Amino acid sequence: MKVRVTVLVEDSARRRGLVAEHGLSLLVDVEADDLSSCILLDTGSTPDTILKNADAMGVDLSRVDAIVISHGHYDHTGGLVGVLKRIGRRIPVVAHPKAFDLKLAYRPVLRYMGGPTMREVEEAGGVLVLAKGPVKLAEGVVTTGEVERSTSFEGVEEFWTVADGIFVRDEMPDDQSLVIKGDEGVIVLTGCAHSGVVNTVIHAKSLMGVDRVKAVIGGFHLIGASEGRIRRTVEELRRLNPDLLAPCHCTGLKAVNAFMEAFGEKCRPPSTGDVIEI
């Protein structure tokens, strides 16, 4: 199996002609035997950014077989309608049923954190596949579905929604990741890992029945996390021992520095335009 991850959108960009924004979009190409699949994980914050970067990199988005939405926040769904219009045909959009619920934050005032509505997605050509559990996208390629939260030190940040007419904390059950069962272990691709990156990797291993972790790539949402949580995350990920750790987007500089110190050359934070081949 060969896996190629192209970073279409990320918070930083080192290549001339590419645009960075607060968001994430990973184009994942998987080749196994005579079969190949192309999955788009998230779409960044705006359609202009992902489409401009795709054009600048020579990426043909019409190759995309399915789009996976890691969760319903704008920085992962904002470009979805534009991408679907660019693709120009009906394709599956896999998400949790609550990904399109009302998404709010209160920092320091109430603001909307969500993306397009289900109607807008369907009118643009998306065929919504709304599932709480894993969805098989290709042989050895699945979504995690809802992530089991077993660690004591990981928890969802303070986000809000409305349920049954009551303003309540959003525990974000819609948070999910993409998992690939590779020849040398699981490859885990996260959007923000709001469930906790360690929880997510443990869940992925259990889901695929594989003990070894080949790579963990994406946002780990440790920006603003306490020193204690960052330390515990580093310790647990060292125990899980991935061959490659590629933290980006919402991971935060403190956590990225801690990972680089702990993992050395195994830690390679990506930015917009980078290509990771496994």
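Values in this text are rule-based calculations from the coordinates and carry no lab data. Being a predicted model, the structure only gives us computed values, none of them experimental. Neighbour counts run over all protein chains shown; Cβ positions are idealised from the backbone, glycine included.
A convex hull fitted to the Cα coordinates of the range 155-278 yields 112 cubic angstrom per residue.
Within the shell of other residues whose beta carbon sits under 12 angstrom from the beta carbon of residue 203, the net charge comes to -2, with Lys and Arg scored +1 and Asp and Glu -1. Amide H contacts under 5 Å for residue 272: 10, 12, 13, 14, restricted to partners 5 or more places along the chain or on a different chain, H placed in the peptide plane at 1.01 Å from N. In this structure, the amide hydrogen of residue 220, modeled 1.01 Å from its nitrogen in the peptide plane, lies closer than 5 angstrom to those of 248, 250, 251, counting only residues at least 5 positions away or on a different chain. The trypsin sites (Lys or Arg not before Pro) of the range 152-232 that DSSP puts in a loop, and whose beta carbon has at most 14 other beta carbons within 10 Å, are 212.
Between the alpha-carbon centres of the range 212-278 and the range 1-48 there is a gap of 18 Å.
Converting phi to 3J(HN,Hα) with the Karplus coefficients 6.51, -1.76 and 1.60 and the offset θ = phi - 60°, the range 153-159 yields 9, 9, x, 6, 5, 7, 10 Hz in sequence order, with x at every glycine or proline.
Each Cα pair under 8 Å and six or more residues apart adds its sequence gap; the mean of these over the residue count of the range 2-277 is a relative contact order of 17 percent. The count of lysine pairs in the range 2-277 whose Cα atoms are under 26 Å apart, excluding pairs fewer than 8 places apart on the same chain, comes to 27. If only the Cβ of Lys and Arg carry +1 and only the Cβ of Asp and Glu carry -1, the dipole of the range 2-277 around its Cα centre is close to 300 debye. When the chain is modelled as a GNM with alpha-carbon springs shorter than 10 Å, which of 58, 218, 79 fluctuates the most? For the chain, modelled as a Gaussian network with Cα springs under 10 Å, the answer is 58.
Taking amide H positions as modeled 1.01 Å from N, with prolines and chain starts lacking one, the residues under 5 Å from residue 137 and 5 or more places away or on another chain are 142, 143. Rounded to the nearest Hz, the phi-derived 3J(HN,Hα) couplings of the range 266-278 under the Karplus curve 6.51 cos²θ - 1.76 cosθ + 1.60 (θ = phi - 60°) are 6, 9, 9, x, x, 9, 3, x, 6, 10, 10, 10, 10, where x marks glycine and proline.
Working note: Cα atoms of the range 2-277, range along each principal axis, descending, whole Å: 51, 45, 39. Most mobile of 125, 224, 115 per a Gaussian network model of the chain (Cα springs, under 10 Å)? Taking springs between Cα atoms under 10 Å, the residue moving most is 224. Electrostatic bookkeeping for residue 146 treats Lys and Arg as +1 and Asp and Glu as -1; over the other residues with beta carbon under 11 Å from its beta carbon, the sum is -1.
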